[in-house]
There are 6 protein chains.
Amino acid sequence: MRPSGRTPDQMRQLTFEPGFTRHAEGSCLVSFGDTRVLVTASVDEKVPPFLRGKGQGWVTAEYGMLPRATHTRGNREAAKGKQSGRTQEIQRLIGRSLRAVVDLQKLGERQIIVDCDVIQADGGTRTASISGAWVALRIAVNKLLEAKAIAVDPIRTQVAAVSCGIHQGTAVLDLDYEEDSSAGSDGNFVLTADGAIVEAQVTAEGETYDEEGLLRLLRLARIGCSEIFEAQRKAVGQ
Amino acid sequence: MRPSGRTPDQMRQLTFEPGFTRHAEGSCLVSFGDTRVLVTASVDEKVPPFLRGKGQGWVTAEYGMLPRATHTRGNREAAKGKQSGRTQEIQRLIGRSLRAVVDLQKLGERQIIVDCDVIQADGGTRTASISGAWVALRIAVNKLLEAKAIAVDPIRTQVAAVSCGIHQGTAVLDLDYEEDSSAGSDGNFVLTADGAIVEAQVTAEGETYDEEGLLRLLRLARIGCSEIFEAQRKAVGQ
Amino acid sequence: MRPSGRTPDQMRQLTFEPGFTRHAEGSCLVSFGDTRVLVTASVDEKVPPFLRGKGQGWVTAEYGMLPRATHTRGNREAAKGKQSGRTQEIQRLIGRSLRAVVDLQKLGERQIIVDCDVIQADGGTRTASISGAWVALRIAVNKLLEAKAIAVDPIRTQVAAVSCGIHQGTAVLDLDYEEDSSAGSDGNFVLTADGAIVEAQVTAEGETYDEEGLLRLLRLARIGCSEIFEAQRKAVGQ
Amino acid sequence: MRPSGRTPDQMRQLTFEPGFTRHAEGSCLVSFGDTRVLVTASVDEKVPPFLRGKGQGWVTAEYGMLPRATHTRGNREAAKGKQSGRTQEIQRLIGRSLRAVVDLQKLGERQIIVDCDVIQADGGTRTASISGAWVALRIAVNKLLEAKAIAVDPIRTQVAAVSCGIHQGTAVLDLDYEEDSSAGSDGNFVLTADGAIVEAQVTAEGETYDEEGLLRLLRLARIGCSEIFEAQRKAVGQ
Amino acid sequence: MRPSGRTPDQMRQLTFEPGFTRHAEGSCLVSFGDTRVLVTASVDEKVPPFLRGKGQGWVTAEYGMLPRATHTRGNREAAKGKQSGRTQEIQRLIGRSLRAVVDLQKLGERQIIVDCDVIQADGGTRTASISGAWVALRIAVNKLLEAKAIAVDPIRTQVAAVSCGIHQGTAVLDLDYEEDSSAGSDGNFVLTADGAIVEAQVTAEGETYDEEGLLRLLRLARIGCSEIFEAQRKAVGQ
Amino acid sequence: MRPSGRTPDQMRQLTFEPGFTRHAEGSCLVSFGDTRVLVTASVDEKVPPFLRGKGQGWVTAEYGMLPRATHTRGNREAAKGKQSGRTQEIQRLIGRSLRAVVDLQKLGERQIIVDCDVIQADGGTRTASISGAWVALRIAVNKLLEAKAIAVDPIRTQVAAVSCGIHQGTAVLDLDYEEDSSAGSDGNFVLTADGAIVEAQVTAEGETYDEEGLLRLLRLARIGCSEIFEAQRKAVGQ
């Protein structure tokens, strides 16, 4: 039995609130249970220096956590003067995941910057961020299509992510904080709606795992992502 | 006529959502119209080094703005590696304002850190922060009183803040972004529920002002703060 | 009775030594009693990026305190690698105060950077800085006028600043360090020679204040600034 | 055919030079073809603050790349004043990988810091670092065992890492720079000598992959790691 | 003929104004011609961590230059967030020079921090700093002796510094900015009043030099330092 | 007798391994006994901003020490976020020394960046760096000459450096760590193959020295540099 009473392949309550803030071209408040992340997608009509004049666009992400998103207050990264290794690792993963489903040529010479700010954390902030980021990106790109700034949709398919892990010997889906902090191994899978894998990362925390374990986690991830893909589609009215 | 259609002494729609996040000892989502700030109050059972062993507590504040809280995206302070002068000025003001109504002896040797993070900005983020900070602080201190960690209530009275300014020759209350960016002079007043002034700051932006102007702004501030005090009391069930 | 033996509306000994250093286009050593600030005004024939090509100039300020300007040595900000919130707050105030009396169009596309470095501190370093900054700026602009780099004087009037506060129940003018550290409330007023207010900031430190208190402080500030205006005029031979 | 002429499951020339530097308790120059990393293991008789008094030890890693280890010179991180997200991601992975095979209780209250500095880079610097780090750690721990500072060997088994990827449709082992920069997907596997997985990370770079692809890469990784384990044992005389 | 009309072995006008500021235990405004440096010596009754409990004291120095001390304004190091290599090189030299004439055992477990801030620069700021630093240190130590905080004088002798260089083929003493920027080689000598050398640094700038050149510069330095020693003695009433 | 058994004028075993790494245009592993420094010379076809369009080139250097190059591990400068004063002092010296023998006009508008990274430290890292830097620079410039990117050799002569010091009353050459940490005075001399002095720096560490001492050290330096010049020539096949 999981601490939350969920079955091993049961996701937490999943919600996407599109348009949560009004200035961003796309925005969304995503909740995976008590984990809540505010995602905005900002369109910038300039590309970063390394892409200037190459006729293609860029999608990148930044990630942050409000100091008291967590059980005990963490130091504010702006006050410390630097982003932690964990923050940088997560924002690199979000950016890579989004770019895997975007045709950067079709986006044209513009950049979309996705900001994922964790309002409340209860495990799985990076997977909620990626899943919500797709929604914010979809909304922002829809505006560009409506405004005829882009001729052809650059988003090839949906992308979503979910965590899985081995908790007390059982492979479980979408770990909350309590499970996450005691899991033997845990990982994050980033999948596309057409069944492909964008990123698989599984780490042994205390206990190593084997090929069979890896595959079981991947299968759970497929179950979780199906549910997320459906919720994403509803959120963007697709 | 004001751009929003409000009368000169009319506040924007004012709401406090106490308990917006679950980990912090006190929290509140405050809205002054489209300006929305998430405030959390975290109790830390240690005081900063300069107060160790002095038998008194401390209240301090940190302030931040999500990169796309604004009309165009601003750079993330954590990524730039430093907080702007504006950020530091605001967080110092919030901390001073709260300490003006707290008896630090009665708080005991503990610190309350108030985090004000702007989710959406439309003028008046510092005054919304101060007003919401009192609500989060009140909730956190109530928990300490209930848990009998504190014997006597250290909060002497309410504190709230509102901006006022001279816009196209008229003194107006609670400026939104459009008014704020074109006001001749504007200021912020921090007042207590028993009628005293904690802080008055009025700055000429382009046009100087006179004593009569200063007093007119102060009188508007009193009107605005009365309304805020009432909303604060409702929010904390007082 | 004030610790220094002054009457409540008595300024400290006030001196401006124009031309204290030789490289700057304008310079001045200003003393408000034992508070001494070296101010230089440097003309830069480029404007900051946000103003390029707009046909107007800019005036900005930086502030610093030598490590042993104070009773006990403070850490050097250059060694710590960042400027404190207090430093940034003060330098923003100095810049705003000067811009309030300068017509930036008439200045032309150039920037004047005013550096205020506190050699010795005894309360009122920001008000001495503002008052001395006007002298250094006036001298630098006179040179531009003499050299015919500017056709019409861009400085509209004088600007000066003075601190006032409530010390042991009495409103007093131009607080020294001893009064400043025990004042119930204290503030800074930035006024122009034609009687207008540029900035009013009054903060309760331990004791709140009321409208009557605010006005009494403003009246004291008028007395102090008259005296400063006269000394400024003498210093620049006006 | 691979650019280097290797078969798909062929590792590059693999060498470990133990004792490459003389001050460190353990050291090793590891080469995976033209990728050369200098690894040192330093024993520190103090643990980091979060572990003080808990009766257990710690193993951590830092990673760096000499500015001209690469084809074109990169900026020196010490001069830029911060470590890149990539650097932090890699050093976190090295530390986690080593801790997966160390019993921190048996290590006692001391820390081993492993420094991995890339002398020359040609793809696979993180996997060479992990593989060499085990050798340096083994040597350092052997010294502690010989000196009877530790009673029981805290190292449970060997750990090694290798990269695999899909290059022009073929799954290949131990990618060099040329393959790495054009691979459709690539990943890193960290395995133990007793057959378990410590970390699997596979990222789609341009092309997504499927379950079958993931398994093929894992099988290649097993082939590569067997070879590394044997070379490690020779290097430490086991 | 030198640009200033001085003879090759002629120092600029040399003045020491002891007690220039009032808070520091020792202070001095030193002028070497138009180069003016404000030096303060601050007594701190704690030693730095690496000396705690060792029964000896420490003398250290910090150096800074006001932004407009120079012909054209330089950026403020506090605003840039770091001290330049030049600044660090100079402050290390000042500290070493002072420690060469102080018996750190006799100083007792306390630290004297000497701050050298350049008010106006015209070449030779580091040599003026060292020469003035001795005066400030002497005054501060005299106070400690008078207060009987120290039993025996820890200052063994005087220390002073002067620059010399080869300018248009001639060896000249105490270079001003104009000479300094066009000298073929130039150096700084730190000497003690009893004839010993503390530090010699001679750098070829464009033209190398030979042994004879080195000796000629050293002889000039002896002439200059004699004059400085006499002025130092007068300044401290010795 | 010296701790190493060397005679006072005996250098440590001296080796240059040219071409130690393959990506850099020039590289060399230099050893002065147990001090080993990896030097690379990188050709950059752009000059720094202050030289753009002036028709001349630039040579600069950066220096670093691997954390465990030393007896006890030092903190990594990239992790601390800044380079120490010592690091900056050394890299400035290396750059100046190289520029003293290069005709920057003949180099053309390009920059050569020399990186000196200390693999293992046993005293004399800066002198080994300078001596090895010349070898790496020579190799890189030879490539430019062979490629006819440069018409005329811009390197005028060889440059080398060696440390000397007074250890237990005796002037000794090429100090190792043990001698260096107990020397009364010590210095570094940078000399050219045609007998000129580029830089002389002699510092009293505990004991001052006199003119005779300075000359004795210089003479030892000449002996040491002769040996280095010969080894340099062999290394580059001259």
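The values are calculated or read from the model by the stated rules, or taken from the named source; none is laboratory data. As the structure is a prediction and not an experimental result, all values here were calculated from the model. Heads up, the Cβs are rebuilt from the backbone with ideal geometry, glycines too, and the neighbour counts pull from every protein chain shown. Heads up: the accessible areas ignore ligands, DNA and RNA and are worked out on the full protein's heavy atoms, side chains in. Shrake-Rupley method; radii C 1.70, N 1.55, O 1.52, S 1.80 Å.
For this structure, a couple of remarks:
- The single condition from (1) farther than 20 Å from F:S31 by Cβ; (2) acidic (D, E); (3) touching a Ser or Thr at 6+ places or on another chain (Cβ under 7 Å) that F:D115 fails is (1).
- Tallying residues that are part of a helix (DSSP H, G or I) and either under 28 Å from F:G184 (Cβ atoms) or open to solvent by 30 Å² or more (accessible area, probe 1.4 Å) (or both) within segment E:75-85 yields 4.
- Annotation note: of C:G64, C:G57, the sole residue that is modelled with pLDDT of 95 or more and more than 12 Å from chain E (Cβ to nearest Cβ) is C:G57.
- Filter pass, C:A69 being open to solvent by less than 10 Å² (accessible area, probe 1.4 Å), in a loop (DSSP other than H, G, I, E, B) and either at pLDDT 95 or above or away from chain B (no Cβ under 14 Å) (or both): yes
- Number of positions in segment D:212-230 that are of a type in the set (A, V, I, L, M) and within 14 Å of the chain's Cα centre (by Cα): 2
- Per the conditions (1) more than 14 Å from chain C (Cβ to nearest Cβ); (2) crowded, with 22+ Cβ neighbours inside 10 Å, the sole criterion not satisfied by B:D180 is (2).
- Residue check, C:G237 open to solvent by 50 Å² or more (accessible area, probe 1.4 Å) and within 24 Å of C:R36 (Cβ to Cβ): yes
- Residues in segment D:119-173 that are open to solvent by 20 Å² or more (accessible area, probe 1.4 Å), at pLDDT 95 or above and within 21 Å of A:A200 (Cβ to Cβ): D:R126 alone.
- Listed conditions (1) within 14 Å of chain D (Cβ to nearest Cβ); (2) in contact with a Ser or Thr (Cβ under 8 Å, 6 or more places away or on another chain); (3) open to solvent by 10 Å² or more (accessible area, probe 1.4 Å) are all met by A:G95, apart from (3).
- Residues considered: D:A161, D:A171, D:A183, D:A221. Of these, the only one that is out of contact with any helix residue (DSSP H, G or I) (no Cβ under 9 Å at 6 or more places or on another chain), closer than 24 Å to A:Y209 by Cβ and among the small types (G, A, S) is D:A221.
- If you go through segment A:148-165 and keep only what is among the β-branched types (V, I, T) and under 21 Å from the mean Cα position of the chain (by Cα), you end up with A:I155, A:T157, A:V159, A:V162.
- In the set (1) away from chain F (no Cβ under 14 Å); (2) surrounded by 17 or more Cβ atoms within 10 Å (Cβ to Cβ); (3) in a helix (DSSP H, G or I); (4) not hydroxyl-bearing (S, T, Y), the condition left unmet by E:Q88 is number (1).
- Among the residues making up segment B:185-201, those that are within 7 Å of another protein chain (Cβ to nearest Cβ) and open to solvent by less than 10 Å² (accessible area, probe 1.4 Å) are B:T192, B:I197, B:V198, B:E199, B:A200.
- Number of residues in segment D:104-131 that are more than 18 Å from the chain's Cα centre (by Cα) and either away from every other protein chain (no Cβ under 11 Å) or in a helix (DSSP H, G or I) (or both) equals 7.
- Pairs with Cβ under 7 Å, 6+ apart, first in segment E:171-184 and without any contact (Cβ under 8 Å) to a residue 40 or more places away in the chain, second of a type outside the set (G, A, S): E:S182/E:H167; E:A183/E:I166; E:A183/E:H167; E:A183/E:L175; E:A183/E:E205; E:G184/E:I166; E:G184/E:E205; E:G184/E:E207
- Selection from segment D:36-54 of residues that are open to solvent by less than 10 Å² (accessible area, probe 1.4 Å) and within 14 Å of chain A (Cβ to nearest Cβ): none
- Residue ID - farthest from the other protein chains (Cβ to nearest Cβ), chosen from residues in segment F:202-213 that are modelled with pLDDT under 95 and open to solvent by less than 20 Å² (accessible area, probe 1.4 Å): F:G213
- Number of the exception - E:S4 against (1) in contact (Cβ under 8 Å) with a residue 60 or more places away in the chain; (2) touching a strand residue (DSSP E or B) at 6+ places or on another chain (Cβ under 9 Å); (3) not basic (K, R): (2)
- Residue list for segment D:16-35, filter: at negative phi, open to solvent by 50 Å² or more (accessible area, probe 1.4 Å) and more than 10 Å from every other protein chain (Cβ to nearest Cβ): D:E17, D:P18
- Single residue of segment C:218-233 satisfying the filter (more than 10 Å from chain B (Cβ to nearest Cβ) and closer than 20 Å to B:I197 by Cβ) that is least open to solvent (accessible area, probe 1.4 Å): C:A221
- Test result for B:A160, over 26 Å from B:A183 (Cα atoms) and either among the hydrophobic types (A, V, I, L, M, F, W, C) or not in a loop (DSSP other than H, G, I, E, B) (or both): no
- Scan of segment D:57-66 for residues that are among the β-branched types (V, I, T) and crowded, with 21+ Cβ neighbours inside 10 Å, ordered by number: D:V59
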